[in-house]
1. For segment 11-78, what are the per-bin percents of Cα-Cα distances with bins 5 Å wide, up to the bin holding the maximum?
2. To the nearest 20 debye, what charge dipole does segment 16-82 have about its Cα centre, counting +1 at the Cβ of each Lys and Arg and -1 at the Cβ of each Asp and Glu?
3. With a sphere of radius 14 Å drawn around the Cβ of Asp78, what net charge do the other residues whose Cβ falls strictly inside it have (Lys, Arg +1; Asp, Glu -1)?
Amino acid sequence: MTRPAPDPGGPGETGTATYRIRVAGHLDDHWAATLGGLTLARLDDGTTSLTGPDIDQAQLHGILARIRDLGAPLLTLDSLDRPPGAGPVTIAPSGPAPRTAARPRRSRR
């Protein structure tokens, strides 16, 4: 079985990357241990930045699940190892999914 080629915008050859996650609200320092030992920084705009190096995909998914369980709205997820000029990966605010099209009505016979 062959492995897929690494994504140029994703983790390095080690399978890990440095990530910065921003959530709405200020989290207390005690959440750092629950969130994989990430460094927490409470920002003046009322958000919290969580940063950590050497996070693999499994760890990232676990951290995101814990943030979801806390009820903290996820604002951004940035891979700091992305190539220059690639820009951040921005997560849209949570909420109801937009309606794309109305369902056709069934005709009654």
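Values quoted throughout were computed directly from the atomic coordinates according to the rules given, and no laboratory measurement underlies them. Bear in mind the structure is a predicted one, so any value in this text is a computation, not a measurement. As a convention, Cβ positions derive from the backbone with ideal geometry for all residues, glycine included, and neighbour counts pool all protein chains shown.
1. 4, 18, 31, 27, 13, 5, 2, 0
2. With only Lys, Arg, Asp and Glu charged at Cβ, the dipole is about 140 debye.
3. Residues close to Asp78 contribute a combined charge of +2.
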